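Everything on this sheet refers to the single structure shown next.
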Amino acid sequence: MSFQKRYVALACTITVALAGCSTGSLSTASAGDTSKSAKDQKLGVVGTQNQIQDIKSFCGTKPLTVAFADGFGGNSWRKITRKIFELEAAKCPNIKKVIYTDAQGDTQKAISDINSLVAQRVDVIVSFVDGGQALLPTIKKATAAGVKVVPFVGSPGGVPGKDYVDFVSEDISTYGSALAEWTIKAMHAKGNLVMLGGIAGNSYSKGVYDGAVAAAKKYPGIKLLNTDGPVATDWEPGKTQQVVAGLITKYGSINGIVSDYGGGSVGGVRAFIAANKPLPVWSANDSNEFACLWDQYKGAQPTYQIATESSRNWIVAVALHKGLAAANGITDNEPSTYDLQIIEDSTNASEQPKCEKTLPPDAILSSGLTINQLKTLFG
């Protein structure tokens, strides 16, 4: 269901009980400041996925309540990420309750969700902050109340280590620039380029867009068509198909696309097919259906090439680690920022896109879930 729809009643907060009940362990000693445990975390470390540690190093022993405050839970990427969070939390026997909230793309509801979680005395909040800096005052209030808040992928601004524990993400600008560089080279450095984002105004898509702009500026033969920011698609395949159909009508010729969501890009691919237009060079993060569509049309359209980087759903596990470490006074030296590499490249025989026909279209092979877990989730 589209995040844009507003509901008269607040959506229910979904609570997953792992073992018994808990009211959280917020202590009066930690309320009112960021706490020594939060300040002692290693901030700003840049690294790679293989540096992620076992969560058991950070579980501690005291009973804890953790929450995932999602800004928007309506697509397959968010569903996979939620599942990873819940499976990771289940590895700590002292985590007595996991709470999930979905703001449905509504910034005011996102603010209300976090306030509600603080009132429930949760110990840790991990959040995809789709509302950007509009959420910062609420996050700062939660931190002042003693809650260990860790935003991931979508940044609220502010100061990590002061306003919240840490911010966990890939290097967004290099993600955008690397995909744009690949796309431009596959376009032979000439033609019209578009960058597709998600929810209008979100900080993540803007960061990817800035990276793509920096790359495009180096090639005089490239014309970036959307000069005023990323094209909003709401990260939904249906909306992406509508938006791309409009772009085709407006511009006629589109030779390359950089997208920050492979799962949504499948709608864009269908728009080109429906318009009977040549499929452009396309880069995004990985998605089973995105790879399968390339496999389906590569024979008929040999100039159609794709590349992907990891959809990095696994980053949510690191965000939970950092929240737990802060709650337990344990130093977490895992990277905060992750360098991603291209993992699928249709122009490279050793990195061909992987279409798993036994898996649902929504599956993400790099997510961190097993094939059986993906089948169960989307079954």
Flag for TYR209 being in contact with a Pro (Cβ under 9 Å, 6 or more places away or on another chain), buried (at least 18 other Cβ atoms within 10 Å of the Cβ) and aromatic (Phe, Trp, Tyr): yes
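Restricting to the range 112-125, and then to whatever is out of contact with any Gly (no Cβ under 6 Å at 6 or more places or on another chain) and either at pLDDT below 95 or crowded, with 19+ Cβ neighbours inside 10 Å (or both), can you tell me which residue is nearest to ASN94 (Cα to Cα)? Before the answer, list the steps.
The initial filter retains those residues of the range 112-125 that are out of contact with any Gly (no Cβ under 6 Å at 6 or more places or on another chain), namely 112-120, 125.
From what's left, either at pLDDT below 95 or crowded, with 19+ Cβ neighbours inside 10 Å (or both): 113-114, 117-118, 125.
Values: ASP113: 24, ILE114: 22, LEU117: 19, VAL118: 19, ILE125: 16 Å.
Step by step, filter the range 112-125, then rank; the result is ILE125.
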Could you check how many residues of the range 170-193 are surrounded by fewer than 22 Cβ atoms within 10 Å (Cβ to Cβ), in contact (Cβ under 8 Å) with a residue 60 or more places away in the chain and not charged (D, E, K, R)? 4
Considering every residue within the range 161-173, establish whether at least one is of a type in the set (Val, Ile, Thr) and over 26 Å from PRO237 (Cβ atoms). yes
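Per-residue answers, yes or no, for (1) among the acidic types (Asp, Glu); (2) in contact with a Leu (Cβ under 7 Å, 6 or more places away or on another chain); (3) within 23 Å of ILE343 (Cβ to Cβ); (4) assigned by TED's automatic domain parsing to the domain that holds PHE290:
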site: LEU43; (1), (2), (3), (4): no, no, no, no
site: ILE52; (1), (2), (3), (4): no, no, yes, no
site: LYS56; (1), (2), (3), (4): no, no, no, no
site: PHE72; (1), (2), (3), (4): no, no, no, no
site: ASN75; (1), (2), (3), (4): no, no, yes, no
site: ARG82; (1), (2), (3), (4): no, no, yes, no
site: GLU88; (1), (2), (3), (4): yes, yes, yes, no
site: VAL98; (1), (2), (3), (4): no, yes, no, no
site: GLN104; (1), (2), (3), (4): no, no, no, no
Is there a residue being closer than 14 Å to SER346 by Cα and aromatic (Phe, Trp, Tyr) anywhere in the range 256-275? no
Going through the range 117-144 in order, the residues found to be among the small types (Gly, Ala, Ser) and either under 23 Å from the mean Cα position of the chain (by Cα) or not assigned by TED's automatic domain parsing to the domain that holds GLU86 (or both) are SER127, GLY131, GLY132, ALA134, ALA142
Restricting attention to the range 362-379, which residues are of a type outside the set (S, T, N, Q), part of a loop (DSSP other than H, G, I, E, B) and buried (at least 19 other Cβ atoms within 10 Å of the Cβ)? ASP362, ALA363, ILE364, LEU365, GLY368, LEU369
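Results for (1) crowded, with 18+ Cβ neighbours inside 10 Å; (2) within 13 Å of GLY368 (Cα to Cα), shown as yes or no for each residue.
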position: VAL46; (1), (2): no, no
position: ILE52; (1), (2): no, yes
position: PRO63; (1), (2): yes, no
position: VAL66; (1), (2): yes, no
position: ASN75; (1), (2): yes, no
position: ARG82; (1), (2): yes, yes
position: PHE85; (1), (2): yes, yes
Take the residues of the range 88-111 that are among the polar types (S, T, N, Q) and outside any strand (DSSP E or B): which is surrounded by the fewest Cβ atoms within 10 Å (Cβ to Cβ)? GLN108
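Inside the range 305-345, can you point out the residues that are of a type in the set (S, T, N, Q), farther than 24 Å from PHE68 by Cα and touching an Asp or Glu at 6+ places or on another chain (Cβ under 6 Å)? First the steps, then the outcome.
Of the range 305-345, the ones of a type in the set (S, T, N, Q) are 305, 308, 310-311, 313, 328, 331, 333, 336-337, 341.
Going one step further and asking which of them are farther than 24 Å from PHE68 by Cα, we end up with 305, 308, 341.
Once the filter is applied, which keeps residues that are of a type in the set (S, T, N, Q), farther than 24 Å from PHE68 by Cα and touching an Asp or Glu at 6+ places or on another chain (Cβ under 6 Å), the range 305-345 yields only THR308.
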So in the range 46-84, with the set limited to residues that are of a type in the set (Ser, Thr, Tyr) and modelled with pLDDT of 95 or more, which one is nearest to GLY379 (Cα to Cα)? THR81
Given the conditions (1) over 22 Å from GLN341 (Cβ atoms); (2) not in a helix (DSSP H, G or I), and given that LYS218 satisfies all but one, which numbered condition is not satisfied? (1)
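Going by the conditions given, is VAL149 modelled with pLDDT of 95 or more and either surrounded by 24 or more Cβ atoms within 10 Å (Cβ to Cβ) or part of a loop (DSSP other than H, G, I, E, B) (or both)?
Details: modelled with pLDDT of 95 or more: yes; either surrounded by 24 or more Cβ atoms within 10 Å (Cβ to Cβ) or part of a loop (DSSP other than H, G, I, E, B) (or both): yes.
So VAL149 passes the test.
Quick grid of which residues meet (1) in contact (Cβ under 8 Å) with a residue 12 or more places away in the chain; (2) not β-branched (Val, Ile, Thr); (3) not in a helix (DSSP H, G or I); (4) not assigned by TED's automatic domain parsing to the domain that holds VAL129:
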{"residue": "ALA200", "(1), (2), (3), (4)": "yes, yes, yes, yes"}
{"residue": "TYR204", "(1), (2), (3), (4)": "yes, yes, no, yes"}
{"residue": "ALA214", "(1), (2), (3), (4)": "yes, yes, no, yes"}
{"residue": "ASP228", "(1), (2), (3), (4)": "no, yes, yes, yes"}
{"residue": "LYS239", "(1), (2), (3), (4)": "yes, yes, no, yes"}
{"residue": "PHE272", "(1), (2), (3), (4)": "yes, yes, no, yes"}
{"residue": "PRO278", "(1), (2), (3), (4)": "yes, yes, yes, yes"}
{"residue": "TRP282", "(1), (2), (3), (4)": "yes, yes, yes, yes"}
Within the range 304-354, work out how many residues are in a loop (DSSP other than H, G, I, E, B), crowded, with 18+ Cβ neighbours inside 10 Å and out of contact with any Gly (no Cβ under 8 Å at 6 or more places or on another chain). 8
Which of the residues belonging to the range 65-87 are assigned to a strand (DSSP E or B) and either closer than 21 Å to PRO156 by Cβ or aliphatic (A, V, I, L, M) (or both)? VAL66, ALA67, PHE68, ALA69, ASP70
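The values are calculated or read from the model by the stated rules, or taken from the named source; none is laboratory data. What you see is a predicted model, and the numbers here were worked out from it, not measured in a lab. As a convention, Cβ positions derive from the backbone with ideal geometry for all residues, glycine included, and neighbour counts pool all protein chains shown.
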